[in-house]
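Reading through the structure tokens given below for one structure.
Values quoted throughout were computed directly from the atomic coordinates according to the rules given, and no laboratory measurement underlies them. On a predicted model such as this, the values are computed, not experimentally measured, just so you know. Here the Cβ positions follow ideal geometry from the backbone for every residue, glycine too, while neighbour counts run over all protein chains shown.
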Amino acid sequence: MGEAEIPLGLDRESSVSLAAQLANQLRSAILRGILKPEHTLPATRRLASELGISRGVVVRAFEQLSGEGFLESNGAGGTKVAVRPDIQNSSSAKRRTGKAKTAPELIDLTPGRPSGAPFKGREWRNAWKKALSEEGTTHLPPALGTALLREAVAEHLALSRGLAVDPEDVIITGGTSDALHLVVAMLRSRRGSPRILVEDPGYPTAWRVMSAAGALLQTVPVDENGVRSTQLAALEDTPDAILITPSHQYPLGGRMAVQERLGLLKWADQRGVLVLEDDYDSEFRHSRMPLPAVASLPTNAEVVILGTFSKNLSPWLRCGYLVVRGDAGQRLKASREALDTPVAGVLQQALAHYIQGGGLSRHTARARREYAHRRALLIERLGSREDLELGALDGGLHAVIRFQQPEAATVAAQALQQGVRVVTLAGYYADRPPGNGLVIGYGAVSDLQLAQALKVIADLLDEAH
Ligand SMILES: Cc1ncc(COP(=O)(O)O)c(C=O)c1O
């Protein structure tokens with residue numbers, strides 16, 4: 001279907017921003033059937049020049065409507081009106097699917113799924129073209145990662161995290177799971193089963209991976225601000241390593257105070273404990289700047305940063321990195337050399353081109369705006385309810401709701417019957433009595449889907465009271 005003719009008029013005197021006016025008019029044209037599914041919208045640059053506004057305003061309006069599920073970007077093919085079963089007046093949608101009614105799609109609020117597909121964009125495809133046209137691709141990629149990606153990661157960390165990292169200290173991994181596997185293999189090469197202290201509640205996948213790799217796990221009960229140095233000082237046994245999420249406690253969502261970070265480092269230094277800093281989503285802060293990484297604080301303790309492209313790009317890539325130093329760093333490098341890399345050379349090169357061309361920072365900035373919008377929606381829909389506590393809102397791609405009644409597992413089961421998948425908070429607890437609540441991942445759903453899902457959850461809570 002061709003390009004759409006849309007009557008648009010913007011009021012420069014209005015208190016409503018130009019981007020919001022444009023988004024409102026486009027939304028209303030879609031809802032009234034003037035703009036139909038598969039209509040292509042004019043290119044942002046052309047529309048901006050026709051309306052006499054900056055291109056950024058048009059981009060913001062398009063992003064807003066993409067987030068709401070009204071538009072979809074087709075990479076070089078332009079931006080199209082999305083096919084949505086909930087807009088019934090769309091005859092072409094019916095023609096396309098061959099049915100007048102389609103079963104409602106499952107709205108999946110499982111956390112850990114990031115926004116849309118950066119892979120549809122031109123920048124990503126160009127990065128791959130460049131990687132595929134490189135010479136000298138008939139050998140194994142270097143075990144620690146390609147020089148280009150190690151450099152790109154160092155640049156990315158300098159920009160996004162203010163960290164001064166030597167590319168030599170970067171090891172490319174197949175994501176956090178692979179990094180943890182490597183850490184356990186390294187610790188095992190020194191002595192039997194290493195003991196690793198983990199936060200409870202925490203990240204069950206990390207527990208599973210480290211146990212399967214041969215580690216013995218100990219848990220420490222934490223609240224949303226993570227582990228306290230007094231708890232560490234009171235431990236009878238000293239673990240070999242501690243896994244923490246200081247920037248954004250997973251899943252409760254707070255952050256570790258600076259004094260606690262310093263206390264932890266002192267303890268780790270005195271007792272020879274390796275600190276594993278899982279810095280999985282620090283790009284996505286909504287209300288406060290992230291604190292500097294624990295690894296950047298002055299200390300003699302050995303700290304390793306575990307980074308991932310699963311949140312700022314996609315878990316589909318299966319790629320991440322470690323930033324290492326000291327003896328532990330040398331031993332981790334030796335283990336990786338011995339075990340070889342699981343990460344394809346061509347993927348590493350494409351990712352490096354994408355990062356160095358600015359694609360990752362642009363994608364992250366877009367995703368951050370989308371998440372901030374959905375977070376605002378969550379606050380608007382659930383924030384004033386007295387029967388629940390809404391938390392983990394400071395950053396990331398998920399929020400937590402905690403309530404007394406009814407049982408969270410019952411709410412999750414009933415929500416699934418109504419087409420909404422949501423996980424319970426209980427699944428993140430190991431040894432302590434679990435909290436009653438739900439973890440709401442809002443990275444991969446549109447605003448409209450999120451609003452529908454929140455209504456289902458709110459109605460279920462209402463019914464129970
Ligand atoms: C706490 C935490 N760390 C790290 C990750 C990323 O893991 P990976 O890089 O193995 O995909 C996730 C993903 O959900 C996570 O929740």
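Odds and ends about this structure:
- The calculated FRET efficiency for Lys130 paired with Ala344, based on their beta-carbon distance and R0 = 22 Å, is about 0.90.
- Where labels lie 7 Å past Cα in the beta-carbon direction, separation of His465 and Arg32 in nm: 3.9 nm
- Separation of the stretch 103-134 from the stretch 321-385 is 14 Å, based on Cα centroids.
- The simple spin-label model puts a point 7 Å past each Cα toward its Cβ; for Ser49 and Gln270 those points are separated by 6.8 nm.
- Separation of the stretch 266-300 and the stretch 143-192, taken as the distance between their Cα centroids, equals 15 angstrom.
- Of all complete DSSP H helices in the chain, not one has a Cα span along the helix axis of 27 Å or greater and a mean Kyte-Doolittle hydropathy of 0.5 or more.
- Total lysine pairs in the chain at Cα distances under 19 Å, for residues eight or more apart or on different chains: 9.
- Of the trypsin sites (Lys or Arg not before Pro) found in the stretch 126-220, the ones in coil according to DSSP and having at most 11 other Cβ atoms within 10 Å of their Cβ are Arg190, Arg191.
- Radius of gyration, Dmax [the chain; alpha carbons; angstrom]: 23.9, 72
- Leu297/Thr137 FRET efficiency (R0 25 Å; Cβ-Cβ; nearest 0.05): 0.05
- When you restrict to C-alpha pairs under 8 Å that are six or more residues apart and normalise by the size of the chain, the relative contact order lands at 19 percent.
- Pairwise label distance in nanometres, Arg421 with Ala164, each label 7 Å out on the Cα-Cβ vector: 4.6 nm
- Ordering Thr205, Thr173, Thr308, Thr146 by the number of other Cβ atoms within 10 Å of each residue's own Cβ, fewest first, gives Thr205, Thr146, Thr308, Thr173.
- Fewest-first sequence of Asp459, Asp278 by Cβ atoms within 10 Å of each Cβ: Asp459, Asp278
- For the stretch 122-360, the Kirkwood estimate of hydrodynamic radius, built from reciprocal distances between every pair of different alpha carbons, is 18.2 Å.
- Note on the stretch 196-239: with charges restricted to the Cβ of Lys and Arg (+1) and Asp and Glu (-1), its dipole about the Cα centre is near 160 debye.
- Full extension of the segment from Arg385 to Asp327, taken as 0.36 nm per residue of separation minus the current Cα-Cα distance, would add 15.7 nm.
- Neighbour counts of other Cβ atoms within 10 Å put Trp316, Trp267 in the fewest-to-most order Trp316, Trp267.
- Interatomic Cα distance distribution for the stretch 220-338, bins of 5 angstrom, percent: 2, 11, 20, 23, 20, 14, 7, 2, 0
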